[in-house]
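A short reminder: the numbers here are calculations on the coordinates, not readings from a lab. This is a predicted model, so every value here is computed, not measured. Using ideal geometry, Cβ is built from the backbone for each residue, glycine included, and neighbour counts are taken over all protein chains shown.
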Amino acid sequence: MRLPGFLIVLGAALALAAPALADIVVNVDQGASQPLPIAIPAFGGAPVGARISAVISADLQRSELFRPLDPGTFQEQITNANLQPSFDKWKAISAQALLTGQVVADADGRLRVDFRLWDVYAGDQLLGLQFTSTPENWRRVAHKVADAVYEKLTGAPGYFDTRIAFVAESGSKAHPVRRLEIMDQDGANPSYLTDGSALAFTPRFSANSQEVTYMSLRPTGSNVYLLNIETGRQETLGHFPGMVFAPRFSPDGSRVAFSAEKDGNSDIYVMDLASRSNRRLTADPAIDTSPSFSPDGRQIVFNSDRGGSPQLYVMSADGGDVHRISFGAGRYTTPVWSPDGKWIAFTKQEGSVFHIGVMKPDGSGEKLLTASYLDEGPAWAPNSRVIIYSHQAPGAGAHLYMVDVSGREPQPAPYPLNASDPAWSALLP
Amino acid sequence: MRPGGNIGLRRAARLGLLALLAAGMVACSSRPKPLGPVAPTPPPPPAPYQTSPAPGPGAVEEGQSAPVPGSVRDFVVNVGDRVYFDFDRFNLRDDARPILDAQAAWLTRYPTVRVRIEGNCDERGTREYNFALGARRAATVKAYLASRGVAASRIDTVSFGKEHPIDMGSGDEADQHNRNAHTALTEGAS
């Protein structure tokens with residue numbers, strides 16, 4: 001599924017009123033603020049119109065920043081995106097924002113979605129846009145509308161037109177099956193990427209989200225692969241004398257950082273994919289693993305127990321200037337740099353409790369977002385606002401959860417089965 | 001149980017409630033007496049854990065009599081195929097050395113046998129770190145066996161991290177069982 005050729009038309013034809021500055025704003029930095037009440041009546045154009053507005057509503061609801069109102073309370077049916085709503089009727093149900101839309105098939109059979117976002121109390125149009133796509137991509141159109149609404153009302157880019165790769169966990173503890181799987185961010189269109197003949201772990205997307213690199217484990221040893229999601233073709237990163245694991249692409253996709261082990265000592269290497277040459281970045285007798293590049297590609301945050309317990313360190317991408325950034329009580333692992341460069345997410349183990357948390361790249365501003373028996377493996381949504389991770393209760397299997405970095409209640413991700421090691425794609429083209 | 005940032009708060013609230021209940025009960029009976037300091041719970045003694053051998057030639061069958069010398073079952077029953085580690089450690093404990101000494105002696109007696117040391121971890125750690133930790137445990141055992149005269153070329157190592165637990169429970173006892181290095185006989189045993 002690639003490049004359906006979306007057209008985004010900043011609607012001159014749609015502009016009933018000039019787009020106003022948003023009076024209503026969702027403050028994404030205040031965890032305690034109430035989600036914004038938004039009314040999303042079913043889009044016109046049966047039956048796909050209603051399906052599209054339902055997907056938009058579910059996306060916004062799951063973000064926890066919006067509270068889509070119950071359509072049963074609506075006092076106006078509006079399925080024409082070119083009509084001005086009766087704002088009083090939407091004020092009456094305390095809707096602050098209103099999203100109206102309609103779907104039409106254009107002359108060459110393509111789907112066209114027109115929509116407008118309204119500030120109910122100001123009586124202004126905030127947004128009037130049009131998306132065009134092939135009919136089978138209607139869900140992606142819905143996600144793009146949700147992204148536009150999210151961005152307009154929060155000021156942060158959306159993250160709904162994305163995919164999530166992860167490890168689907170089945171079998172038993174004694175005979176585990178671990179397959180890579182990929183799905184849309186809202187759980188739709190799941191499909192397996194590996195056949196389960198070997199255990200597969202830690203999928204990580206390339207910059208264009210067309211490839212994942214992951215670790216494969218068999219009784220005889222491990223391997224790191226580069227897997228093309230569309231073609232299913234994969235190749236190994238190479239052969240190493242010991243364990244090889246924890247791969248991650250550089251932001252430009254030209255390199256993969258990973259850990260390789262020899263005689264029990266794990267160090268971090270980086271491979272240039274064009275020349276296939278390796279460079280060793282750490283040479284410490286301690287455990288060095290879980291490398292993650294800064295978005296400019298110039299630094300790497302990683303996990304090391306060189307100080308006596310697992311902590312987070314930052315080094316330059318050539319291995320120089322190593323310095324420790326985590327100093328709190330507890331054990332820090334799985335650091336991941338946020339796409340905007342401002343945060344590093346991590347797993348923290350303190351006593352018997354595991355947390356997902358974030359800190360700034362200099363180690364300041366630590367904030368814990370979750371607490372449970374076992375939370376691990378955070379991954380960032382491309383807007384650097386939402387984190388997906390795996391959560392496990394004692395004696396139970398792992399499940400995927402999402403949490404907003406402003407510190408809201410974690411929510412189960414839309415995948416009902418056991419899963420771990422989530423990775424979040426970039427916004428799709 | 002749902003994860004959440006306010007779990008600590010909920011727990012605190014629950015504890016507070018328990019404290020109130022306890023205070024109420026005490027008020028009904030007699031004046032409270034201060035308790036002495038709480039002694040730390042002693043760590044559980046290293047428990048030998050009966051595991052099934054790796055499937056393969058000579059695997060245990062129910063009701064079988066004495067193991068055939070040189071077989072996988074002989075190794076598992078009479079020598080011991082697993083040694084255990086402390087939390088986040090990879091140094092050999094005192095209870096591991098006699099087992100590894102016996103493994104080395106057995107492997108010296110059967111020089112065509114090849115082994116694979118599989119390092120394992122409990123689930124109280126993250127996945128990638130545990131692959132590294134399990135590799136250290138496997139390498140420690142390999143180095144010890146080599147120091148006792150087993151040719152290093154006969155010994156492969158792998159780390160299973162926390163992905164192949166032998167104890168399916170959760171809690172301290174299961175965690176202890178799952179922190180181990182398993183010596184699997186891969187070639188040459190009957």
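Numerical summary
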{"quantity": "Bins of 10 Å, starting at 0 and running to the largest distance - Cα pair percent for region A:76-219", "calculated": "10, 28, 25, 17, 13, 6, 1"}
{"quantity": "Sorted by Cβ neighbour density within 10 Å, fewest at the top, the residues A:K348, B:K162", "calculated": "B:K162, A:K348"}
{"quantity": "Residue-averaged beta-carbon neighbours from other chains (10 angstrom radius) around B:155-165", "calculated": "5"}
{"quantity": "Ranked B:K142, A:K89, criterion: other C-beta atoms within 10 Å, fewest first", "calculated": "A:K89, B:K142"}
{"quantity": "Hull volume in cubic angstrom per residue (convex hull over the Cα atoms of region A:337-415)", "calculated": "80"}
{"quantity": "Radius ratio Rg over Rh of region A:270-367, counting only Cα atoms, Kirkwood formula for Rh", "calculated": "0.98"}
{"quantity": "Fewest-first ranking of A:M183, A:M271, using other Cβ atoms within 10 Å as the exposure measure", "calculated": "A:M183, A:M271"}
{"quantity": "Relative contact order [Cα under 8 Å, 6+ residues apart], chain A, whole percent", "calculated": "11"}
{"quantity": "Inter-chain Cβ neighbour average for residues A:370-377, partner chain, 10 Å", "calculated": "5"}
{"quantity": "Positive-pole candidate from A:N189, A:P157, A:F115, dipole of region A:81-205, charges at beta carbon", "calculated": "A:N189"}
{"quantity": "Pairs beyond 23 Å (Cα-Cα), from A:K348/B:K162; A:K173/A:K262; A:K348/B:K142; A:K262/B:K162; A:K144/A:K360; A:K262/B:K142", "calculated": "A:K173/A:K262; A:K348/B:K142; A:K144/A:K360"}
{"quantity": "For region A:78-126, size of Cβ-based charge dipole, Lys and Arg +1, Asp and Glu -1, in debye", "calculated": "120"}
{"quantity": "Part-to-part distance (alpha-carbon centres) for region A:203-248 and region A:129-155, which is given in Å", "calculated": "32"}
{"quantity": "Loop-located trypsin sites (Lys or Arg not before Pro) in region A:192-269 whose Cβ has at most 16 other Cβ within 10 Å (DSSP)", "calculated": "A:R233"}
{"quantity": "Region B:84-138: chymotrypsin sites (Phe, Trp or Tyr not before Pro) falling in loop per DSSP and having at most 14 other Cβ within 10 Å", "calculated": "B:F87"}
{"quantity": "Average beta carbon contacts from partner chains per residue of B:118-127, 10 Å cutoff", "calculated": "6"}
{"quantity": "Sites matching chymotrypsin sites (Phe, Trp or Tyr not before Pro) across region A:51-140 that sit in DSSP coil, with at most 16 neighbouring C-beta atoms within 10 Å", "calculated": "A:Y121"}
{"quantity": "Of all DSSP beta bridges in region B:106-182, antiparallel share, percent nearest 5", "calculated": "25"}
